[in-house]
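The values are calculated or read from the model by the stated rules, or taken from the named source; none is laboratory data. Model, not experiment: these values are computed from the prediction. Cβ atoms come from the backbone with ideal geometry, glycine included; neighbour counts cover every protein chain shown.
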Amino acid sequence: MSLEELYQQVILDHYRHPRNRGALEQPDRSAVLLNPLCGDEIAVDVRVREGALAECRFHGQGCSISQASASIMTEHVKGRALADALELVRLFMAMMRGEGEGAALGELAALRGVVQFPVRVRCATLAWSALEAALEGKSGRATAL
Ligand code: ZN
């Protein structure tokens, strides 16, 4: 199996069996972002305990890339200190801008192939932008730019 096929399987697996999907009851923070280019809409709910992300869940609809990316994200930020989670968001965004290899990001590197398809990059970064907005206290509903 090629690396590309492996990455496709990772994305398909998260799309078919999303982790941490569904709204959180009374989240400490949440944000909803729309991607009008594709029609994706993703909400991210978080629970913060002692400066860390005790819970991170997502809900909403969208294409396989947006859903898989959200699922992968929740698994990677859960349990992290807020500063670490934001740092991971920055690393991921840089990777999706074509900067950095993303090799250190493990499973996240599976999403790197999307960089070849500029119109899909927003699909992959949507949940991450929503998490960033939630953590920075920009709660509510907005359109991703
Ligand atoms: Zn999409």
Filter the stretch 54-80 for residues that are buried (at least 24 other Cβ atoms within 10 Å of the Cβ) and assigned to a strand (DSSP E or B) and give the result. C56, F58
If you check E5 against the conditions, is it part of a helix (DSSP H, G or I), over 14 Å from the mean Cα position of the chain (by Cα) and farther than 16 Å from L108 by Cβ? yes
For the stretch 97-113, check the following and say yes or no: at least one residue is more than 11 Å from the chain's Cα centre (by Cα) and buried (at least 22 other Cβ atoms within 10 Å of the Cβ). yes
Contacts under 7 angstrom Cβ, first residue in the stretch 120-143 being at pLDDT 95 or above and among the hydroxyl-bearing types (S, T, Y), partner surrounded by fewer than 22 Cβ atoms within 10 Å (Cβ to Cβ) and not in a helix (DSSP H, G or I), 6 or more apart: S129/A144
Only one of L24, L37 is assigned to a loop (DSSP other than H, G, I, E, B) and within 15 Å of the ligand (Cβ to nearest atom); which? L37
When the stretch 40-53 is examined, which residues are found to be within 16 Å of the ligand (Cβ to nearest atom), out of contact with any His (no Cβ under 8 Å at 6 or more places or on another chain) and touching a residue at least 24 places away in the same chain (Cβ under 8 Å)? D40, V44
